[in-house]
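Asker: Attaching a single structure in structure tokens format; questions to follow.
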Amino acid sequence: MRGVADEPILAVPVKDDYLVETLADMGLVTNEDVAQARAEVESGEFTDQGLIDRLIATQIISPAHITQAKAIQFGMEAVDLTGLSLKDDALQALPRHIATKYNCVPVYFEEGHLIVAVTDPSDLDTLDGLRHVLQAKNLEFRVATEEQVQQIITKYYATVEDSVEGMIQDMTEGEIDLGFATQTDMDADQEAEDADAPMIKLVNSVIADAYKMRGSDIHIEPLEKRLRIRFRIDGCLQEVQSPPKKLQNAIISRLKIQAGMSIAEKRIPQDGRIQLQISGKPIDLRVNSLPTQHGESIVMRILDKSGLKLGLTELGFLTDDQQTFERLIGLPDGILLVTGPTGSGKTTTLYSCLNYINRPDRKIITVEDPVEYVLAGINQVQVHEVIGLSFATALRAMLRQAPNVVMLGEIRDLETATIAINASLTGHLVFSTLHTNDAPGAVQRLVDIGIKPFLVASASRAFMAQRLVRRICKKCIGPALPNEAELKTLDLDPNLTGAKYSKGMGCNNCNHSGYRGRFGVFEVFVVDDSARRLIFEKASATTLRARARELGMRSLREDGARKVVAGMTTAEEVIKNTTADEKSGGH
């Protein structure tokens, strides 16, 4: 710490007198420091700096020292906001528009006692104004640096002009004229677009927030007394701050206009698509509206073209399964089906297969409804049922294009299944999906659709079922042994050598969930000659499953258990997303 000179401090401008004297009393500046700084300021070389600014610029003092000096001068406490975690009650006690207007932040709020950090305790107008607008009897002030206050405002109040919370606050307080957005008979002309700019920003910001939080879906749900917005993140729905009910019609109408839907039609479901850029990245949204009792419910599926990871390792394959799968997708012909419920990652798996085998010497064509991601070097066909371009029609036409590999988004009916099976029998490698619970169940599903068992037996190369489980957050992962019931359910040994039983402790990186991202658990049924014979003989699903297990097929739960041992996910997550022990014969 610097010593204080014996002689009195040299004269300085009045506005800085109190600070310089206090800094001297604190032992932070000397007479020489002040004289040198004043001479530099008066020289005219540093016209944009005052005396205090110059002392900071020359690193004689720091902004934190100024804060301490101001606090001492006005009988307040200085507070360090580094690492401050604001609770909801504090944020509610000091709303965004007040924090930004008066450049202050709440430190904590407890039993009607509010502590507020300000940057300038000499600004009596600010202090009096805060007491008036907050109407808080037990209001106390602390002093913090300008930089720290701004950081807290940015972090917790998101003061950028397109922040969702800020716009909701402004709209509900009447600071923004909703204009066109509040009218019932909306027109999509340019004048209306301009008037509705605040609503466009609000809607786009909701989408941007979902994208930044790694959401896969946005659910906008009208309830009886409120409008609820939820994001699906890593497969789990999480409710976020929602606008008031009075903005419901404006938000839904704006989304329908952006998605190319009819805003006049509110009685039937509609589908649309929104394309926009977030942080320079192209984002597509599949939009669906559904009339409900309290208004139209909107669900948007976020398709991030740049964020799609198409490596087989990223899917969650362990080494042995990956080698088996790579061999299967390298075959010259036959059909390979991926099964599982909606949202289990089947389409991503098929895209990864195509990406792996995509080479200049192979022609690959897909038929999809819709085309979710555009893949370089691959011919992708969008189904349009309205104009007669169905799966079957597109599949027939694409076979005349002499492809090596065909990907069919989904086998839905006998006609499509028949063409796909015939294509696989005539020298094409065919990938597709089915909605069945397990891998052997796909055989029975094809037969139920109407395909002859001998055709299924001849064409099939492999069936793979999959589910998605959440990955433990890498930032907060720590050792944690599953409880006794979980160990028993997954048939795991707590003392297994080399086991890395883990869980996420919760951190900002994973929104305190302990998980970040998802990967697959798989069961792979490779069809050999004995399995083909069973299919041809119309064997039951139980018999087929028993044979598949003899061939080395692990169940979904067993594959998940391996990944629990490897420290990739938790026992709770695997148990939740897989069915009971399949050893006894299926789901």
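Asker: How much FRET efficiency would the formula 1/(1 + (r/R0)^6) give for residue 35 and residue 138, where r is the Cβ-Cβ distance and R0 is 41 Å, rounded to 0.05?
Answerer: On the way: r = 45 Å, r/R0 = 1.10.
Once rounded, the FRET efficiency stands at 0.35.
Asker: Charges at C-beta only: +1 for Lys and Arg, -1 for Asp and Glu. How large is the resulting dipole of the stretch 472-513 about its Cα centre, in Debye rounded to 20? Write down the numbers at each step before the final one.
Answerer: On the way: 5 positive and 4 negative charges, 63 e Å.
Dipole of the stretch 472-513, to the nearest 20 debye: 300 debye.
Asker: Counting only Cα, what are the radius of gyration and maximum Cα-Cα distance Dmax of the stretch 62-156, in Å?
Answerer: Answer for the stretch 62-156, Rg first and Dmax second: 12.1, 35 Å.
Asker: Considering only DSSP beta bridges with both partners in the chain, what is the antiparallel share in %, to the nearest 5? It would help to have the intermediate numbers written out before the result.
Answerer: On the way: 55 of 86 bridges.
Of all bridge pairs located within the chain, approximately 65 percent are antiparallel.
Asker: Would you mind working out the accessible area per residue for the stretch 407-504, using a 1.4 Å probe, and quoting it in Å²?
Answerer: Numbers: 4350 Å² over 98 residues.
That works out to 44 Å² for each residue.
Asker: What does the convex hull of the Cα atoms come to per residue for the stretch 192-291, in Å³? The partial results should precede the final answer.
Answerer: Values: hull volume 11.0 nm³, N = 100.
Convex hull of Cα atoms, per residue: 110 Å³.
Asker: Report in % the part of the accessible area of the chain that belongs to carbon and sulfur, leaving out ligands and nucleic acids; probe 1.4 Å. Don't jump to the answer; show the numbers that get you there.
Answerer: Values: 13750 of 28510 Å².
Summing carbon and sulfur atoms, their accessible area is 48 percent of the total for the chain.
Asker: Which value, in debye to the nearest 20, gives the size of the charge dipole of the chain about its Cα centre, when Lys and Arg are +1 and Asp and Glu are -1 at the Cβ?
Answerer: The dipole magnitude comes to about 3840 debye.
Asker: Still on this structure: When the scattering of the stretch 22-115 is computed by the Debye formula from its Cα atoms alone, each counted once and equally, what is log10 I(q)/I(0) at q = 0.11, 0.14, 0.16, 0.22 Å⁻¹?
Answerer: One equal scatterer on each Cα of the stretch 22-115 leads to -0.49, -0.70, -0.81, -1.07.
Asker: I'd like to compare 70-82, 266-278, 425-437: which one has the highest average count of other Cβ atoms within 10 Å, and what's the full order after that?
Answerer: Working: 70-82: 16.1, 266-278: 13.7, 425-437: 19.7.
In descending order of packing, they fall as 425-437, 70-82, 266-278.
Asker: Against the longest principal axis of the chain, how steep is helix 63-73, in degrees 0 to 90 to the nearest 10, with axes from Cα atoms?
Answerer: Between helix and principal axis, roughly 50 degrees.
Asker: A further question on this structure: Return the inverse of the average 1/r over all pairs of distinct C-alpha atoms in the stretch 484-587, which is the Kirkwood hydrodynamic radius, in Å to one decimal.
Answerer: Hydrodynamic radius (Kirkwood, Cα pairs) of the stretch 484-587 is 15.5 Å.
Asker: Using only the heavy atoms of the protein chains and a 1.4 Å probe, how would 104, 236 rank by accessible area, largest first? It would help to have the intermediate numbers written out before the result.
Answerer: Values: 104 0, 236 40 Å².
Listed by decreasing accessible area, they come as 236, 104.
Asker: If r is the Cβ-Cβ distance from residue 237 to residue 82 and R0 is 30 Å, what FRET efficiency results, to the nearest 0.05? Provide the component values of the computation, followed by the final result.
Answerer: Working: r = 34 Å, r/R0 = 1.13.
Computed FRET efficiency for residue 237 and residue 82 comes out at 0.30.
Asker: In the neighborhood of residue 563, defined by Cβ-to-Cβ distances under 15 Å, what is the net charge if each Lys or Arg adds +1 and each Asp or Glu adds -1? If you can, show how the numbers build up before the last one.
Answerer: Working: positive: 467, 470, 471, 474, 500, 503, 518, 554, 557, 562, 576; negative: 314, 320, 321, 486, 491, 523, 558, 559, 572, 573.
Its environment carries a net charge of +1.
Asker: Let me ask another. Using the Cα centre of the chain as origin and beta-carbon charges of +1 (Lys, Arg) and -1 (Asp, Glu), tell me which of 67, 542, 432 is placed farthest towards the positive end of the dipole.
Answerer: 542
Asker: Further question on the same structure: Would you calculate a helix-derived [θ] at 222 nm for the chain, using -39,500 (n - 2.57) for each DSSP H run of n ≥ 4 and dividing by the full residue count, to the nearest 500? Don't skip to the answer; put the middle values down first.
Answerer: Values: 24 runs with 225 residues, N = 587.
It lands at -11000 deg cm²/dmol.
Asker: Normalised radius of gyration for the stretch 259-331, please: alpha carbon Rg relative to 2.2 N^0.38 Å, two decimal places. Can you show the working numbers first?
Answerer: Numbers: Rg = 19.2 Å, N = 73, 2.2 N^0.38 = 11.2 Å.
The stretch 259-331 yields a ratio of 1.71.
Asker: At most 13 other Cβ atoms within 10 Å and a DSSP loop assignment: could you name the GluC sites (Glu not before Pro) in the stretch 482-587 that fit?
Answerer: On the way: sites: 484, 486, 523, 537, 550, 558, 572, 573, 582; in loops: 537.
Here the GluC sites (Glu not before Pro) that fit, given the DSSP loop and packing criteria, are 537.
Asker: Counting C-alpha atoms alone, how compact is the chain: give Rg to one decimal and Dmax as a whole number, in angstrom.
Answerer: Every Cα atom of the chain included, Rg and Dmax give 32.1, 108 Å.
Asker: Calculated FRET efficiency, residue 326 and residue 124, Cβ-Cβ r, R0 51 Å, to nearest 0.05? All intermediate terms of the calculation are to be shown ahead of the outcome.
Answerer: Numbers: r = 73 Å, r/R0 = 1.43.
Using R0 = 51 Å, I get an efficiency of 0.10.
Asker: What value in Å³ per residue do you get for the convex hull of the alpha-carbon atoms in the stretch 283-386? Please report the intermediate quantities before stating the final value.
Answerer: On the way: hull volume 15.6 nm³, N = 104.
Hull volume normalised by residue count: 150 Å³.
Asker: To check my understanding: the extent here is largest minus smallest coordinate of the Cα atoms along each principal axis. What are those three numbers for the stretch 374-461, in Å, largest first?
Answerer: Principal axes ranked by extent give 32, 29, 21 Å for the Cα atoms.
Asker: Please compute the net charge surrounding residue 285, taking Lys and Arg as +1 and Asp and Glu as -1 over other residues with Cβ under 9 Å from its Cβ.
Answerer: Numbers: positive: 273, 286, 301; negative: 284.
Its environment carries a net charge of +2.
Asker: Run the numbers for residue 528 and residue 382: contour at 0.36 nm per residue of separation, minus the present Cα-Cα distance, in nm.
Answerer: Details: separation 146, 0.36 × 146 = 52.56 nm, distance 3.43 nm.
Working it through step by step, the gained length comes to 49.1 nm.
Asker: Return, in residue-number order, each cysteine of the chain whose C-beta is not under 4.7 Å from any other cysteine's C-beta.
Answerer: By the Cβ distance rule, which asks for a partner under 4.7 Å, the isolated cysteines are 104, 236, 353.
Asker: Relative to the compact-globule scaling 2.2 N^0.38 Å, provide the ratio for the alpha-carbon radius of gyration of the stretch 402-452. Before the final figure, lay out the partial values.
Answerer: Working: Rg = 10.9 Å, N = 51, 2.2 N^0.38 = 9.8 Å.
Computed over Cα atoms of the stretch 402-452, the ratio equals 1.11.
Asker: With N set to the number of residues, divide the alpha-carbon radius of gyration of the stretch 322-380 by 2.2 N^0.38 Å and report two decimals.
Answerer: Numbers: Rg = 11.9 Å, N = 59, 2.2 N^0.38 = 10.4 Å.
The stretch 322-380 yields a ratio of 1.15.
Asker: So, counting K/R as plus one and D/E as minus one, what does the shell of residues with Cβ under 13 Å around residue 222 add up to?
Answerer: Working: positive: 225, 226, 228, 230, 245, 246, 266; negative: 221, 224, 296.
My count for the surroundings of residue 222 gives +4.
Asker: How high is the relative contact order of the chain, given as a whole-number percent (alpha carbon pairs under 8 Å, six or more residues apart)?
Answerer: Working: 982 pairs, mean separation 45.0, N = 587.
The value is 8 percent.
Asker: Along the positive direction of the dipole of the chain (beta-carbon charges: Lys, Arg +1; Asp, Glu -1; about the Cα centre), which of 568, 251, 338 reaches farthest?
Answerer: Of the candidates, 338 comes out farthest on the positive side.
Asker: Select from 270, 555, 215 the residue farthest towards the positive end of the dipole of the chain; place +1 on Cβ of Lys and Arg, -1 on Cβ of Asp and Glu, and compute about the Cα centre.
Answerer: My answer, from the dipole projection, is 555.
Asker: Share of Cα-Cα pairs in the stretch 199-244 beyond 12 Å, in percent?
Answerer: Of all Cα-Cα pairs in the stretch 199-244, 59 percent lie more than 12 Å apart.
The values are calculated or read from the model by the stated rules, or taken from the named source; none is laboratory data. Quick caveat: nothing in here was measured; it's all calculated off a predicted structure. Quick reminder, even Gly has a Cβ in these numbers, built from the backbone with ideal geometry, and neighbours come from all protein chains shown. Just so you know, the surface numbers come from the protein's heavy atoms only, side chains and all, with ligands and any DNA or RNA stripped out. Shrake-Rupley method; radii C 1.70, N 1.55, O 1.52, S 1.80 Å.
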